[in-house]
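Worksheet for the structure shown next.
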Amino acid sequence: MPFGLCNAPSFFQATMNQLFQPYLHKHIIIFFDDILIYSKTIVDHLLHLENAFQILVSGQFSLKLSKCMFAQQQLEYLGHLVAGEGVRPVPEKVLANSTITSNFKGFPWPRRILSAVHQRIRNLSYPTHQAFESWPVSVVI
C-alpha cells in the first residue's frame, strides 16, 4: 500500500477497483489490501491467479508472499468462514454475541424506554431523521 499519501487506503482501494474492474465479483473481490480470488475448480483457480498476477505486475504492484494464502478450501475473513458451501459466521463469534445478548436481555431496562426503542426499530425503512423526530424528550438520554 502506498504510504505518505493522504487517504492512502481509499486511494489504494480505488486503484485496485480500477485495475481489476473486468473481474470484480466474477472471480475476484477486493477489500482494502485484501484480494480474494475464488474459483470452482483448481484449474480455474490457477488461471485466475495468473490473470491477477499479470494485472498486479502491469500496475507495478508486488505481493508479500508471507501474507499470501493460495488454493485454500476454506478461510476466515472479516469474522466469517468462506468456503465452497457458502459464507457463515465464525462459530466462536456467534457464541460470544449470544452471551452479550443474553446479558443485555437481563438488564433491567425501564419499560417506557424498551417500548419506545421497539417502536422505532420495528420499521427501519424510515429515514433516520424522521424516526427520531417523534421521540419523547424524556426517553432520549
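Some notes on this structure:
- Tensor-based shape of the stretch 5-102 (alpha-carbon gyration tensor, a/c under 1.5 rounded, otherwise prolate or oblate): oblate
- Measuring r between the beta carbons of Ala14 and Gln74 and using R0 = 30 Å, the FRET efficiency lands at 0.50.
- Percent RCO, i.e. relative contact order, over the stretch 1-91, from Cα pairs under 8 Å lying at least 6 residues apart: 15
- Using the Cβ-Cβ distance between Gln60 and His25 with R0 = 35 Å, the FRET efficiency computed as 1/(1 + (r/R0)^6) comes to roughly 0.90.
- Annotation: extensible slack from Cys6 through Val87 equals 25.8 nm (criterion: 0.36 nm per residue apart, minus Cα-Cα distance).
- Whole-Hz couplings from phi, Karplus 6.51/-1.76/1.60, listed for the stretch 20-37; x for Gly and Pro: 9, 3, x, 10, 4, 6, 9, 8, 9, 10, 10, 9, 6, 9, 10, 10, 9, 10
- Derived scalar couplings ³J(HN,Hα) [the stretch 40-52; Karplus, 6.51 cos²θ - 1.76 cosθ + 1.60; whole Hz; x for Gly, Pro]: 7, 10, 5, 5, 4, 4, 5, 5, 5, 4, 4, 4, 5
Quick note: the coordinates plus some simple rules give every number you see, no bench work behind them. Just so you know, these numbers come straight off a predicted model, no measurement behind them. As a convention, Cβ positions derive from the backbone with ideal geometry for all residues, glycine included, and neighbour counts pool all protein chains shown.
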